């Protein structure tokens, strides 16, 4: 599949590779890994632009104009991906030559797969550790479907731009497609440089949109995220980016995102979600918390939003409030209000909070709840069993701890969790 690797920016990107590969990061690793870790945040947040609508506003004009779009987006933001995909497919059948319709379906399928493989845990994105986090393998059939849709959208956009290089709609749509493909290659294929190329292409397209139409506030999402990310790079990497024309300013990025979030543009909700992530990184917890809380009642089935509230309360030091929030998510899921979603992650979060409070028995009890959920996510179950074993060791309940470590090894003997469990079979866990 042809992507932005063949664009006029390829030489500049190649120079940036050299610079990044010779820059040392703060933690002693090679700068390219640290810098790309930061840059990948662009892909995770910018892909939210692909939803292309503020699902909370009911007076927007959707592209294409189809009455089913409203229901599809509401299902999408409520994490009901199956229904959203079905409805976007119907819209695309009625509008087969509209790149916006293709992008909508692409977004729903991509996010469904990101959720399935465990790549939508925002806690990982609060720092750079997510670069090293291995998620479950993607479904090859879904990967092909994503690539086919990217190619289909790109072909439509290029046809429009061939007829009119300044077609704002085509430029905007192409930027969205590139942002989606950047997210796919970064978070699923872990192909950092390919992801970077497409993320830069998305930025350039949307900067051009803003040049042609300064009122197109929805285009400020990708441009704002990119500015924030590049502006957050270590000095050496930032200098290298600047000399090849890839400037960024953190304050400008946040300003653009706030403009987008406060407007009535198509990406207002997406900008708020990106802001929550970035504000947490900036330790601007009150603003991030208020933003998360404003979205929760709008999308009551979106479990990720109250989980983010719980995580934010935790980092602000409100451990009782965080525990209560995690407990509420878990009980809501247990009551059947998060159908198909892995609400057991809330039990894991609750256990972590109680562990911080030195309530080891309470933490063990919370971790145990993970295993009581039907069809629990395998990765979450491994984490829960390992953590429960550690708590039992701290409680001097060695037999219970050994049983948990053995359960981890039996479930996935080749995992990093099993490696840790084997260590604690030989030697008790101690903080």
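The values are calculated or read from the model by the stated rules, or taken from the named source; none is laboratory data. This is a predicted model, so every value here is computed, not measured. We place every Cβ from the backbone using ideal geometry, glycine too, and count neighbours over all the protein chains shown.
Looking at (1) touching a residue at least 12 places away in the same chain (Cβ under 8 Å); (2) assigned to a helix (DSSP H, G or I), find the lone condition where residue 362 falls short.
(1)
Quick one: is residue 403 assigned to a helix (DSSP H, G or I) and buried (at least 19 other Cβ atoms within 10 Å of the Cβ)? Spell out how you get there, then give the answer.
On the way: assigned to a helix (DSSP H, G or I): yes; buried (at least 19 other Cβ atoms within 10 Å of the Cβ): no.
When the stated conditions are applied, residue 403 does not pass them.
Do we have residue 423 as surrounded by fewer than 14 Cβ atoms within 10 Å (Cβ to Cβ), at pLDDT 95 or above and in a helix (DSSP H, G or I) here? Give the steps one after another, and end with the answer.
Values: surrounded by fewer than 14 Cβ atoms within 10 Å (Cβ to Cβ): yes; at pLDDT 95 or above: yes; in a helix (DSSP H, G or I): yes.
Judged against the criteria, residue 423 is a match.
Every residue in the range 305-346 that is outside any helix (DSSP H, G or I), under 24 Å from residue 286 (Cα atoms) and without any contact (Cβ under 8 Å) to a residue 24 or more places away in the chain, please. First the steps, then the outcome.
Keep residues of the range 305-346 that are outside any helix (DSSP H, G or I), which gives 316-318, 335-344.
Restricting the remaining residues to those that are under 24 Å from residue 286 (Cα atoms) gives 316-318.
317, 318, listed by residue number.
I'd like the full set of residues that are out of contact with any helix residue (DSSP H, G or I) (no Cβ under 6 Å at 6 or more places or on another chain), assigned to a loop (DSSP other than H, G, I, E, B) and surrounded by fewer than 18 Cβ atoms within 10 Å (Cβ to Cβ), limited to the range 252-304.
Matches in the range 252-304: 264, 282, 283, 284, 297, 298, 300, 301.
With respect to residue 349, is the statement that it is in contact (Cβ under 8 Å) with a residue 40 or more places away in the chain, in a helix (DSSP H, G or I) and within 27 Å of residue 288 (Cα to Cα) true?
Values: in contact (Cβ under 8 Å) with a residue 40 or more places away in the chain: yes; in a helix (DSSP H, G or I): yes; within 27 Å of residue 288 (Cα to Cα): yes.
When the stated conditions are applied, residue 349 passes them.
Only one of (1) in a loop (DSSP other than H, G, I, E, B); (2) closer than 22 Å to residue 308 by Cα; (3) over 25 Å from the mean Cα position of the chain (by Cα) is not met by residue 396, so which one is it?
(2)
Evaluate the following for residue 379: is it under 26 Å from residue 339 (Cα atoms) and buried (at least 16 other Cβ atoms within 10 Å of the Cβ)? Show your work before the answer.
Details: under 26 Å from residue 339 (Cα atoms): yes; buried (at least 16 other Cβ atoms within 10 Å of the Cβ): yes.
Spelling it out, residue 379 is indeed under 26 Å from residue 339 (Cα atoms) and buried (at least 16 other Cβ atoms within 10 Å of the Cβ).
Going through 373, 380, 409 one at a time, which residue ends up being in contact with a helix residue (DSSP H, G or I) (Cβ under 8 Å, 6 or more places away or on another chain) and assigned to a loop (DSSP other than H, G, I, E, B)?
On the way: 380 fails: assigned to a loop (DSSP other than H, G, I, E, B); 409 fails: assigned to a loop (DSSP other than H, G, I, E, B).
From the options 373, 380, 409, the qualifying one is 373.
Show the residue pairs meeting these rules: Cβ distance below 6 Å; 6+ apart or different chains; first residue within the range 232-260 and within 13 Å of residue 278 (Cα to Cα); second residue in a helix (DSSP H, G or I) and modelled with pLDDT under 65.
Close Cβ pairs satisfying both conditions: 232/38.
If we scan the range 308-316, do we find a residue that is within 30 Å of residue 250 (Cα to Cα) and surrounded by fewer than 19 Cβ atoms within 10 Å (Cβ to Cβ)?
Pass one, the range 308-316, residues within 30 Å of residue 250 (Cα to Cα): 308-316.
Those still in the list that are surrounded by fewer than 19 Cβ atoms within 10 Å (Cβ to Cβ) too: 315-316.
Within the range 308-316 (the criterion being within 30 Å of residue 250 (Cα to Cα) and surrounded by fewer than 19 Cβ atoms within 10 Å (Cβ to Cβ)), the answer is yes, since at least one residue qualifies.
Can you list residue pairs whose Cβ atoms sit under 7 Å apart, with the first residue in the range 82-105 being at negative phi and part of a loop (DSSP other than H, G, I, E, B) and the second being surrounded by fewer than 22 Cβ atoms within 10 Å (Cβ to Cβ) and modelled with pLDDT under 95? Count only pairs 6 or more apart in sequence or on different chains.
Listed by first residue and then by second, the contacts come to 95/64; 95/66; 98/64.
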